[in-house]
1. What tally of residues in the range 296-313 results from selecting those that are part of a strand (DSSP E or B) and surrounded by 18 or more Cβ atoms within 10 Å (Cβ to Cβ)?
2. Which pairs do you get when a residue that is without any contact (Cβ under 8 Å) to a residue 40 or more places away in the chain and not assigned by TED's automatic domain parsing to the domain that holds residue 392, found in the range 96-118, comes within reach of a residue that is outside any strand (DSSP E or B) and surrounded by 19 or more Cβ atoms within 10 Å (Cβ to Cβ), reach meaning Cβ atoms under 6 angstrom, with the pair 6+ apart or on two chains?
3. Could you please find all residues in the range 203-223 being within 20 Å of the chain's Cα centre (by Cα) and within 19 Å of residue 103 (Cα to Cα)?
4. Only one of 312, 317 is in contact (Cβ under 8 Å) with a residue 24 or more places away in the chain, touching a helix residue (DSSP H, G or I) at 6+ places or on another chain (Cβ under 7 Å) and closer than 26 Å to residue 106 by Cβ; which?
5. Across the range 419-447, what is the number of residues that are farther than 21 Å from residue 255 by Cα and at pLDDT below 95?
6. Does residue 297 qualify as being farther than 30 Å from residue 113 by Cα, touching a residue at least 60 places away in the same chain (Cβ under 8 Å) and under 26 Å from the mean Cα position of the chain (by Cα)?
7. Restricting attention to the range 255-281, and to residues there that are within 18 Å of the chain's Cα centre (by Cα) and part of a loop (DSSP other than H, G, I, E, B), which single residue is farthest from residue 438 (Cα to Cα)?
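The values are calculated or read from the model by the stated rules, or taken from the named source; none is laboratory data. Only a predicted model underlies this, so the values are computations on that prediction, with no experimental measurement involved. Cβ atoms come from the backbone with ideal geometry, glycine included; neighbour counts cover every protein chain shown.
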């Protein structure tokens with residue numbers, strides 16, 4: 001074990017040193033306001049090309065929830081020069097793969113290709129930014145795919161239903177209250193004009209960031225971006241009003257009854273979002289706390305509750321500080337036979353309380369930070385992973401130039417800081433509890449994925 005810990009620590013130091021020596025990403029700005037970020041990595045003759053729009057489900061209005069995701073589907077349904085489905089067919093013919101994703105905070109589109117094919121996919125992406133066609137019949141077919149996607153991933157999934165209910169209970173005023181896929185009634189009443197209006201309002205070069213990583217030359221990427229995106233006219237992007245979540249006063253509880261094999265409970269605590277890498281020390285300490293609880297093989301939650309006391313079949317802790325809006329630190333678990341969800345709820349909170357009272361040892365902290373930092377660094381072995389990391393940071397208000405500094409700040413977290421955040425944020429006034437009450441499983445086969453499901 002001592003050898004393994006030293007090996008991990010040594011690997012971390014080598015990775016950090018190689019990271020410092022790596023070529024930094026380069027940033028350019030087109031005259032129309034489109035930001036271009038290029039990270040050269042010449043280990044393989046491939047490239048990842050992404051277009052990120054700073055618009056997601058949090059920007060939707062009541063009555064049209066799900067429109068950001070619906071438009072994502074329509075982006076593959078033809079332009080003035082491409083037929084429906086031809087975009088994907090051309091990328092495949094180039095030997096690449098492509099897809100898209102919608103989140104609460106942003107919408108992104110990507111292609112992974114051999115480096116000489118970069119200009120071809122860039123031209124395709126610019127075409128649908130400027131020349132998307134909105135056919136009523138195509139929209140009618142695609143919105144049915146979206147509704148089926150909602151049924152498959154939420155309505156027919158007990159934990160999907162519970163997570164949706166948890167967010168709706170935790171956030172009363174903030175638009176994170178709404179699911180990314182949208183409420184079913186809104187989808188049923190959505191029109192092609194809703195999707196067109198969303199595209200016309202938000203899909204503009206000055207509301208987008210291009211990220212390119214891989215075996216490319218940054219100056220050549222800049223020239224290609226100018227060629228294909230520089231001619232697209234910037235738009236006047238609406239200024240959205242802040243929708244701050246009011247202070248919570250007391251525990252909120254929600255119960256979901258659904259066909260399921262096991263009960264389940266999730267505890268969501270309101271904690272800080274990363275806004276300033278240098279000043280937000282609590283955010284870095286919460287990252288470390290999450291890893292102490294559930295970040296490696298012998299982390300506290302599974303070690304005690306699953307393997308030692310055997311009161312849970314599974315347990316977890318999750319926290320991500322990168323968001324445009326408020327974030328949650330979630331403890332969750334499936335109780336073992338003989339343990340109730342109420343009991344597991346208390347046991348999960350007790351583990352955090354134990355850290356608040358007793359702290360963590362220097363040895364435990366060192367092991368956890370080594371593994372946490374290693375995981376942050378090693379995920380960059382992927383060209384695609386590097387592009388994703390840059391894009392998420394930029395979309396949530398943190399410069400990509402701060403990525404390495406975050407790793408340094410994680411390494412500086414002290415045991416006292418971990419103990420302090422465990423005592424500060426995990427109280428009743430910041431807690432929403434969602435409990436799944438299992439109903440008998442229906443005797444039927446699971447539904448097949450809907451035709452056209454993209455991701």
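1. Filtering the range 296-313 for residues part of a strand (DSSP E or B) gives 312-313.
Among the residues that remain, those that are also surrounded by 18 or more Cβ atoms within 10 Å (Cβ to Cβ) are: 312.
Qualifying residue count for the region: 1.
2. That search, which allows pairs on different chains as well, returns 98/91.
3. 207, 208, 209, 210, 211
4. Working: 312 fails: closer than 26 Å to residue 106 by Cβ.
317 is the lone residue from the list that is in contact (Cβ under 8 Å) with a residue 24 or more places away in the chain, touching a helix residue (DSSP H, G or I) at 6+ places or on another chain (Cβ under 7 Å) and closer than 26 Å to residue 106 by Cβ.
5. 5
6. no
7. Among those residues, the one meeting the criterion is 275.
This table checks each residue for (1) surrounded by fewer than 17 Cβ atoms within 10 Å (Cβ to Cβ); (2) touching a residue at least 60 places away in the same chain (Cβ under 8 Å); (3) not assigned by TED's automatic domain parsing to the domain that holds residue 353.
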| position | (1), (2), (3) |
| --- | --- |
| 239 | yes, no, yes |
| 245 | yes, yes, yes |
| 257 | yes, yes, no |
| 261 | yes, yes, no |
| 264 | no, yes, no |
| 270 | no, yes, no |
| 274 | no, yes, no |
| 277 | no, yes, no |
| 281 | no, yes, no |
